[in-house]
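Read the figures in this text as sums done on the coordinates, not as results from a lab. Please read all numbers here as calculations on a predicted model, not as lab measurements. Cβ: placed from backbone, ideal geometry, glycine included. Neighbour counts: every protein chain shown.
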Amino acid sequence: MSWPLCRGGQRFAPFSNQRRNGGAALNSEPLDLRAKAHWVWRETLAIHRRAPETRLASSLSAVEIFVALYYGGVLRFDASQPLAAHRDRCVISKGHGSICMYPILADLGFFSKDELLRVCHSGGFLGGIPDPVIPGYETVNGSLGHGLGVATGMALGLKRLDSDRQVFVVSGDGELHEGANWEAAMFASQHRLDNLNLVIDDNGISMLGYTDDIVSHHSLSERLTAFGWDCRRVDGHDVLAVQAGLLEMKATTAGKPKALIAKTLKGRGVPGLENAPLSHILNPKPELIDSLLEQLP
Amino acid sequence: MTTKPLPMRDVLLDRIWQAMGQDAKIFFVSADFGSPILDKIRADFPSRFVNVGIAEQNLINVSAGLALEGFTVFAYAIAPFITMRCYEQIRVSLALLSEVRPINVNLIGVGAGYSYVVSGPTHQCYEDLTLMRAMPNFQVFSPADHVTAGALFERCVSATGPKYLRFDAQVLPVIYEQTVPDLRLGFHVHRRGRRICLLATGYMLHTALKVAAQQDPEHDVGVIDLVDIARFDEDSLADELAGYQGLVSLEEGFSGRGGVDAMLFDFLARRNLPLTLLNLGVNGGYRFELGTRAELHEQVGIGPEAVQRRVAAFIQSLSH
């Protein structure tokens, strides 16, 4: 427990406004999203160094997605009232692949940064797979393929309540093997749920190898388009491109559910882990993580 | 004047239809399963009725999402499909999630036991009580007639949390002409006896009442209808059973596989009640024979004649 927290967050503008108002306050003080993404990447490594039970590779592929969602003016949220009705909903379906959310939520004030030192420890609430006991998490995740369907119900409910809030779902490409996703995909287009935004962390690898070698999705965008969705593609590690894609997707309300397919690398930035077919279950050696963390940010 | 028997589902759906006019928070979700009363809901409340299609996993997920946005949700499908096709959706997004978020989703499963008589084992349902009672925070109701089914409406809207309502697909004779079972107790005493008590749920209450009426009066057979499988008033049931020598459980589900019988074995042991339990349910495995419900019941050991024989033998065994 002596590993120091990376303090990269201190280099950036304070988030007192953002805590209250979500992304809306960001325009007044531009944030270096790339630097923030790097800080989250380092923090995620540091958490994994302390808690090797956490899934590192699938959490590193999604760093820029979550940074863009939470710091890029995309999601409206209120860290002091995580379940306030006026928030945009963010359902994190790829549960274990979202450990990078822990430093983000702590940084934004959803809970104390001290919790980051207790990941996977007795008495803490940040587990190896996040649960909705964590402020900022909406649903039970990690059992894969549940998020999109529940988010679809939320989107339908918000429509019926005449709410202008939107629902985001972050899903991995591997979990799209679960058929329930496609039940939801059909339903969402049938009901013209244009308040539903699916972000796919398309790292191309599930537990035992490349998804193309297991059961290929071929083209996710073609498949979703055929299901009646409005699809975009983006380089998932270009955080500014992800931010632009998310903002454009959110602003599009044309009677179709929307998807942003972010092409990413599992285990990004970690030698031996990045894009390795078994990266989901590989743990880099502690010395390797130490050497990566010792490098200047 | 006797009450005309009605389908359980139509009576509950009529209550829902009436309430939807006043309560804008009620949402009805079907997995392409209908009823005449459902047509009224579809016509009158099109914005709060949705058919997800033949897609029970999505039925549960959409219901969970609607409940998270504050709706009281009724989800409706055939019993084996709404419980078993989507069991993990139920576990994850209803049972687990309701531990931390207030959600009210009421699963209406039609087709208890053998009630889809000629449809065979895909549509028959003998495992659902076991599965649904396995989740500690699920409420599970098994009515024996349409009066009880309708009375469940208030519980559905007033009590938060996930619930399973196990409805018969057939129209069953009315049991509760004059009264309604006390849902706070979760069970209803139909007759009191001294030697043995038949504790039945759903359709099997009708069998229990028939069998009890045929017993020699000196055997003093009691009959209890267990409506609430998961949260009945344990103290009251323990009081009610005090003095009996034997208890017979009757369920239209596999015997010895974690259903009502297992619940009662556990209950008797935990309460230290000195009753011998005879558990009567479906014997054996899956079967494809065609027959009337009565014939099928006799084949698997829960028809009135089979129950009569087994209860008589049970009484004999207690005498020694």
Response to the item:
Both in Å, the radius of gyration and Dmax of the C-alpha trace of the range A:206-297 are 16.9, 51
Worksheet item: Over all residues in A:178-187, what is the mean tally of Cβ atoms on other chains that come within 10 Å of each residue's Cβ?
Response: 5
Worksheet entry | All-pairs alpha carbon distance profile, chain A, 5 Å steps from 0, percent | 1, 6, 13, 18, 20, 18, 13, 8, 3, 1, 0
Response to the item:
The residues B:M263, B:M84, sorted from fewest to most surrounding Cβ atoms within 10 Å, come out as B:M84, B:M263
Discussion item. Quick check on packing: order B:281-294, B:212-225 by the mean number of other C-beta atoms within 10 Å, highest mean leading.
Written reply: B:212-225, B:281-294
Practice prompt. Pairs of Cα atoms under 8 Å, at least six residues apart: use those to get the relative contact order of chain B, whole percent.
Written response: 16
Item to complete: In Å³ and rounded to a whole number, note down the convex hull volume per residue for the Cα atoms of the protein assembly as shown.
Response: 169
Worksheet item: Could you give the distance between the Cα centres of the range A:278-297 and the range A:132-184, to the whole Å?
Response: 31
Worksheet item: If the cut-off is a Cα-Cα distance under 17 Å, which aspartates and glutamates reach B:K25, setting aside same-chain residues fewer than 8 apart in sequence?
Response: A:D162, B:D14, B:D44, B:E69, B:E154
Worksheet item: Along the range A:52-57, what does the Karplus equation 6.51 cos²θ - 1.76 cosθ + 1.60 (θ = phi - 60°) give for ³J(HN,Hα), rounded to whole Hz, x for Gly and Pro?
Response: x, 5, 6, 7, 7, 4
Item to complete: Take the alpha-carbon centre of the range B:103-139, take the same for the range B:243-272, and report the distance between them in whole Å.
Response: 19
Worksheet, complete the sentence: Once Lys and Arg are counted +1 and Asp and Glu -1 for all other residues with Cβ under 10 Å from that of B:A230, the total becomes +2
Practice prompt. Would you mind checking A:K94/A:K159; A:K159/A:K263; B:K4/B:K40; A:K113/A:K285; B:K40/B:K163 for any pair whose Cα atoms are more than 27 angstrom apart?
Written response: A:K159/A:K263
Item to complete: Summarise the partner chain shielding of B:94-105 as one whole number: the mean count of Cβ atoms from other chains within 10 Å of each residue's Cβ.
Response: 3
Discussion item. Highest mean first, how do B:172-181, B:107-116, B:147-156 rank when packing is the count of other Cβ atoms within 10 Å averaged over residues?
Written reply: B:107-116, B:147-156, B:172-181
Fill in: Set of the range A:72-88 residues, backbone N closer than 20 Å to the point 7 Å along the Cα-Cβ line of A:T253
A:73-78, A:84-88
Discussion item. As an exercise, use a Förster radius of 45 Å and the Cβ-Cβ distance of B:Q178 and B:V100 to find the FRET efficiency, rounded to the nearest 0.05.
Written reply: 0.60
Fill in: Candidate aspartates and glutamates - alpha carbon under 12 Å from A:K36, same-chain residues fewer than 8 apart omitted
A:E64, A:D107
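Determine the sum of side-chain charges near B:L68: Lys and Arg each +1, Asp and Glu each -1, restricted to other residues whose C-beta is under 10 angstrom from that of B:L68.
0
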Discussion item. Counting other beta carbons within 10 Å of each residue's own, what order do B:V227, B:V260 fall into, fewest first?
Written reply: B:V227, B:V260
Practice prompt. Highest first, please rank the peptides A:256-263, B:162-169 by the mean number of other Cβ atoms sitting within 10 Å of their residues.
Written response: B:162-169, A:256-263
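Tally Lys/Arg at +1 and Asp/Glu at -1 over every other residue whose Cβ is under 15 Å from the Cβ of B:Q245; what's the total?
For residues surrounding B:Q245, the net value is 0.
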Discussion item. Taking a virtual spin label 7 Å from the Cα of B:A159 along the C-beta vector, which residues in the range B:58-88 bring their backbone nitrogen under 17 Å of it?
Written reply: B:72-75
Response to the item:
Percent of all Cα-Cα pairs per 5 Å bin for the range B:8-167, counting from 0 up to the last occupied bin, reads 2, 10, 20, 24, 23, 14, 5, 1, 0
Response to the item:
The rounded separation in angstrom of the Cα centers of the range B:149-189 and the range B:16-52 is 20
